[in-house]
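Peer 1: This structure is in structure tokens; I'll ask about it shortly.
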Amino acid sequence: MRLRACGCSFCRAHNTRTTSDPQGSVEIWAEDWSLVEPYRFGSRTAEFLICRRCGVYIGALGETAAGIRAVINTNCLGDRAAFTGQLHPVSHDGEGTEDRLARRAANWTPATIHR
């Protein structure tokens, strides 16, 4: 799976290694959702999930025309060592809202959230 390193200040601060699979699926749950802090940046088009206990960035969720989509930070996974591919730098600076939502619908993983 392709690993991405976003160049925004948030992702650089969290040293993210994100991935997604538009042909796959992901289920996201927490034993205690009160320990998961949802955060939305300026465009408010995605919900970033951050662990309140340790501060790790878990991933992001977005509503798209194709349904809920997610990107996962592989650094938070128990099997993160399995994700050893080369990091591909990405930048979404200057991307408009419609383009952003279309990119996520096309590239992020279909997600089911268990709250």
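The values are calculated or read from the model by the stated rules, or taken from the named source; none is laboratory data. Everything numeric here is computed off the predicted structure, so don't read it as measured data. When we count neighbours, we look across all protein chains shown, and the Cβ atoms used for this are built from the backbone with ideal geometry, even at glycine. Keep in mind that these areas ignore ligands, DNA and RNA; they rest on the heavy atoms of the full protein, side chains included. Shrake-Rupley method; radii C 1.70, N 1.55, O 1.52, S 1.80 Å.
Peer 1: How big is the Rg/Rh ratio for the chain, C-alpha atoms only, Rh by Kirkwood, two decimals? Before the final figure, lay out the partial values.
Peer 2: Working: Rg = 13.4 Å, Rh = 14.5 Å.
We get a ratio of 0.93 for the chain.
Peer 1: Then there's this: For a test of the definition: using alpha carbon positions, the gyration tensor, and the 1.5 limit on a/c, classify the stretch 1-48 as rounded, prolate or oblate.
Peer 2: Values: a/c = 1.64, a/b = 1.07, b/c = 1.54.
In terms of gyration-tensor shape, oblate.
Peer 1: With N set to the number of residues, divide the alpha-carbon radius of gyration of the stretch 58-115 by 2.2 N^0.38 Å and report two decimals. Walk me through the numbers on the way to the answer.
Peer 2: Values: Rg = 13.0 Å, N = 58, 2.2 N^0.38 = 10.3 Å.
The reported ratio for this selection is 1.27.
Peer 1: What's the local net charge at T109, with K and R +1, D and E -1, over the other residues with C-beta under 9 Å away?
Peer 2: On the way: positive: R69; negative: D21.
Net charge around T109: 0.
Peer 1: Placing +1 at every Lys and Arg Cβ and -1 at every Asp and Glu Cβ, with all other atoms neutral, what dipole size does the stretch 10-115 have around its Cα centre, in debye to the nearest 20?
Peer 2: 200
Peer 1: Using r as the Cβ-Cβ distance of D79 and H114, and R0 as 22 Å, what FRET efficiency do you calculate, to the nearest 0.05?
Peer 2: Numbers: r = 20 Å, r/R0 = 0.90.
That gives a FRET efficiency of 0.65.
Peer 1: Which residue, I58, I72, I28, tops the fluctuation ranking in a GNM of the chain built on C-alpha contacts under 10 Å?
Peer 2: Checking each option, the largest mean-square fluctuation is seen for I28.
Peer 1: Of the residues T16, T45, T74, which exhibits the maximal mean-square fluctuation in a Gaussian network model of the chain defined by a 10 Å Cα contact cut-off?
Peer 2: T45
Peer 1: Another question, then. How much net charge surrounds C76 when only other residues with a Cβ under 13 Å from its Cβ are counted (Lys, Arg +1; Asp, Glu -1)? Kindly include the intermediate steps, with their values, before the conclusion.
Peer 2: Working: positive: R17, R53, R80; negative: D79.
Around C76, the charge tally is +2.
Peer 1: Another one. Over the heavy atoms of S9, what accessible area does a 1.4 Å probe trace out, to the nearest 10 Å²?
Peer 2: 80
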